[in-house]
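In what follows, a single structure is set out as structure tokens and then discussed.
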Amino acid sequence: MYHKTVLENGLRIISEELDHLKSVSLGILVNAGSRDEDPEQNGISHFIEHMIFKGTRNRSTFQIAKELDSIGGMSNAFTGKENTCFHARVLGKHFDRLADILSDIFLNSIFDPMEMERERQVILQEISMVEDSPDEKVHVLLNRGFWKNHPLGLPILGSNETVAGIGKETIHEYMNQNYGPENVIVAAAGNIQHKTLESYFRPLFETLEPGGAARDRIPPDSHAGISCLEKDHEQVHLCLGAEAPSMKDERRYACALFNILLGGNMSSRLFQEIREKQGLAYNVYSFHSTYCDSGMFGVYLATGNGNVNPALEIVRNEIRKIQEGDLTRDDLAAAKEHLEGGIYLSSENPDNRMMRIAKNEIVFDRYVSYEELVDRMEKVSIDEVVEVARDVFREGRVFLATLGNFSREMIDTQHLPF
């Protein structure tokens, strides 16, 4: 059972009661992420995510960790391009204590300068980990080139230079602008009654003053091109990116099925052709990243530098086959069954359900049932999948990023037009 309460200051409290569960997932989600940052403050959303757990007026860093552990809490946080979330999952009987801890860290964090300096070093190490992980770094390169000169192209973690310049005053200014109640959702799913959730959070959050005017999100322009960063790696890691439907675009259902068919599972065309039949790569997949006003469809693989062009040729050929209608009803039915299975299996995890109702509230301002989602997906036709494949991979609209012992001069560009 879904419930929603909107406070006078705009903050939303939403819940999904699942009486058959023993646990409850609770999250505080902010509709702000790395795309809401200026270039010189890049990484500040992620810095805040770390610092929220580093001491309040009522608890030290250690006390926060100890109290969460003492109730068997599985706590976490994440920063995305458009959202930041602080969440945890506990047994229903511990909800009051979890709510006390999460509300405390969100409302009363002190951002102690000494803790900030310690955590700054942790984040710099996190950035270094990405630099040493070519499968992650190549996605950073793709985003930077594809969303050129737009905040979506900025790395979520920031850079060594920008993270070094983030201070307590900068954080307060950013939070005053982006963490106002109209930009915040308290969400819970599991063994919890909505009246319990509301009675706890309403008194704490209804007195919050509206924040400053959050920055307007400007829709991005995508860019075609090639970026080759030469590094001494055993493999060449490559990513292709093309503009794709957004979270709100009705074509997103067809694009999700296109993704499954092309490279979304082990029976997909890219996995079968590149890995199983040709043995060119261990890891190969496609993906569809969606945002409120835009999206990216991508392909990732890692292979030896002598196999890059043969692999790109297969990618191009498999995309073209789908664009030309080489797709059967059985193919589409299997992709739909795969997606439906993933949707309903994920529904058995209260963390997923809590995150889902929060994001649907942000994007659609309403509850979207699993049945509605599956019903819409089932109506997608072969023609719709073919059309979205043609629209996404249009000639002159694709960006290629490579990382490894490979230069731009080594690319056979006849494998790139779509």
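Checking segment 136-146 against the condition returns no match, with no residue being aromatic (Phe, Trp, Tyr) and surrounded by fewer than 22 Cβ atoms within 10 Å (Cβ to Cβ).
Annotation: of all residues in segment 192-209 being exposed (fewer than 13 other Cβ atoms within 10 Å of the Cβ) and not acidic (Asp, Glu), the one that is farthest from GLU182 (Cα to Cα) is LYS195.
Going through segment 257-282 one residue at a time, which ones are in contact with a Ser or Thr (Cβ under 9 Å, 6 or more places away or on another chain) and either in contact (Cβ under 8 Å) with a residue 40 or more places away in the chain or under 26 Å from ARG376 (Cα atoms) (or both)?
Passing the criteria: PHE258, ASN259, ILE260, LEU261, LEU262, GLY263, GLY264, SER268, LEU270, ILE274.
Set side by side, the residues PHE78, PHE95, PHE86 differ, and just one is assigned by TED's automatic domain parsing to the domain that holds SER25, more than 28 Å from TYR291 (Cβ to Cβ) and either touching a helix residue (DSSP H, G or I) at 6+ places or on another chain (Cβ under 9 Å) or free of Cβ contacts under 8 Å to residues at least 60 places away in the same chain (or both), which is PHE95.
If you go through segment 210-260 and pick out every residue that is surrounded by 22 or more Cβ atoms within 10 Å (Cβ to Cβ), hydrophobic (A, V, I, L, M, F, W, C) and in contact with a Gly (Cβ under 7 Å, 6 or more places away or on another chain), you end up with 4. Among the conditions (1) farther than 22 Å from ALA99 by Cα; (2) part of a loop (DSSP other than H, G, I, E, B), the only one that ASN176 does not satisfy is (2). Taken over segment 309-326, the criterion of being closer than 20 Å to PHE287 by Cβ and not polar (S, T, N, Q) is satisfied by ALA311, LEU312, ILE314, VAL315, ARG316, GLU318, ILE319, ARG320, LYS321, ILE322. Among the residues of segment 88-147, the ones that are in a helix (DSSP H, G or I), of a type in the set (D, E, K, R) and over 30 Å from ALA302 (Cβ atoms) come to 10 in all. Listed conditions (1) at pLDDT below 95; (2) farther than 26 Å from TYR174 by Cβ; (3) surrounded by 15 or more Cβ atoms within 10 Å (Cβ to Cβ) are all met by SER75, apart from (2).
Taken as a whole, the structure leaves ILE171 outside the set of residues that are touching a residue at least 60 places away in the same chain (Cβ under 8 Å) and either farther than 18 Å from LEU107 by Cβ or not in a helix (DSSP H, G or I) (or both).
The values are calculated or read from the model by the stated rules, or taken from the named source; none is laboratory data. Not measured: the values here are computed from a predicted model. Every residue, glycine as well, gets a Cβ built from its backbone with ideal geometry; the counts of neighbours run over all protein chains shown.
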